[in-house]
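Inspection log for the structure reproduced underneath, given as structure tokens.
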Amino acid sequence: MMASTKKQPSEQGIRELLFQAYETELGGEKVYETALTCVKNADLRKEWTEYLSQTKNHQRVLLKVLTALGLNPQEKTPGREVVAHHGASLVKAMTLAAGSGDAALAEIAAAECVVLAETKDHQNWELLATVAEKSGGELSKVLAEAVKAVEHEEDHHLYHTMGWARELWIDTLGFPAVLPPPEERKHVESAIGASRAEQAREKMVSQRH
């Protein structure tokens, strides 16, 4: 029987994650700014305006992390360049949708682009939480504080916008939609909560009619 070998944290991998996370937040600002130009629904506009402000704060949180760990925030990595490309592509997609002349399509496209951006963002923070938990010293301390300050908001950004994208589509299809979505009404903060909210939507629809 082979003895198990204990793996050591990869400094290179952690650096790459930190730079990608920071670049995701930088791109997220542009994604939300563009998404807001596509919004018709007043509640969604209020929601994304808040998320834009929070995203800018997440940038500051990660900048503080990078500085505390002695990393150059301007350093380029192959993965970071890919993240920047993805963000720019989402902005371009929303701009294309906004120029289509179909306001409902543009709003849905914006919601879907935000979901794509926030899926990466949410995963970044889950991985940073893993690093904080499994590492030690200053790295663990700095990341734990950052994750604690941000993770609650990141859950909202992803799961609530997923609900908005679904309900905007349902409305466009001509079926009764729940706007704001159940995720918003039930203050969803997890994947399980999002699933329960979606299951509850039919009851919400029947209560309205």
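In the range 1-146, what percent of the accessible surface is made up of carbon and sulfur (1.4 Å probe, ligands and nucleic acids excluded)? Please report the intermediate quantities before stating the final value.
Values: 4570 of 8110 Å².
Exposed carbon and sulfur together represent 56 percent of the surface.
Could you give the length gained on full extension between Leu96 and Glu33, defined as 0.36 nm per residue of separation minus the Cα-Cα distance, in nm? Walk me through the intermediate numbers first.
Numbers: separation 63, 0.36 × 63 = 22.68 nm, distance 1.47 nm.
21.2 nm is the gain from fully extending Leu96 to Glu33.
What's the extension gain from Lys134 to His85 if we count 0.36 nm per residue and subtract their Cα-Cα distance? Please report the intermediate quantities before stating the final value.
Details: separation 49, 0.36 × 49 = 17.64 nm, distance 3.05 nm.
Roughly 14.6 nm would be gained on extension.
Suppose each label sits 7 Å from its Cα in the direction of the beta carbon; what would the Glu126-Leu105 distance come out to in nanometres?
It is 3.3 nm.
Just want to confirm a number: the relative contact order over the chain, from Cα pairs under 8 angstrom separated by 6+ residues, in percent. Mind dumping the intermediate values first?
Values: 219 pairs, mean separation 43.8, N = 209.
That works out to 21 percent.
Enter the accessible area per residue of the chain (Å², integer; probe 1.4 Å; all protein chains in place). Working shown, then result.
On the way: 11590 Å² over 209 residues.
The answer is 55 Å² per residue.
The values are calculated or read from the model by the stated rules, or taken from the named source; none is laboratory data. Please read all numbers here as calculations on a predicted model, not as lab measurements. Reconstructed Cβ throughout: ideal geometry from the backbone, glycine too, with neighbour counts over all protein chains shown. These accessible areas exclude ligands, DNA and RNA; they are computed on the full protein's heavy atoms, side chains included. Shrake-Rupley method; radii C 1.70, N 1.55, O 1.52, S 1.80 Å.
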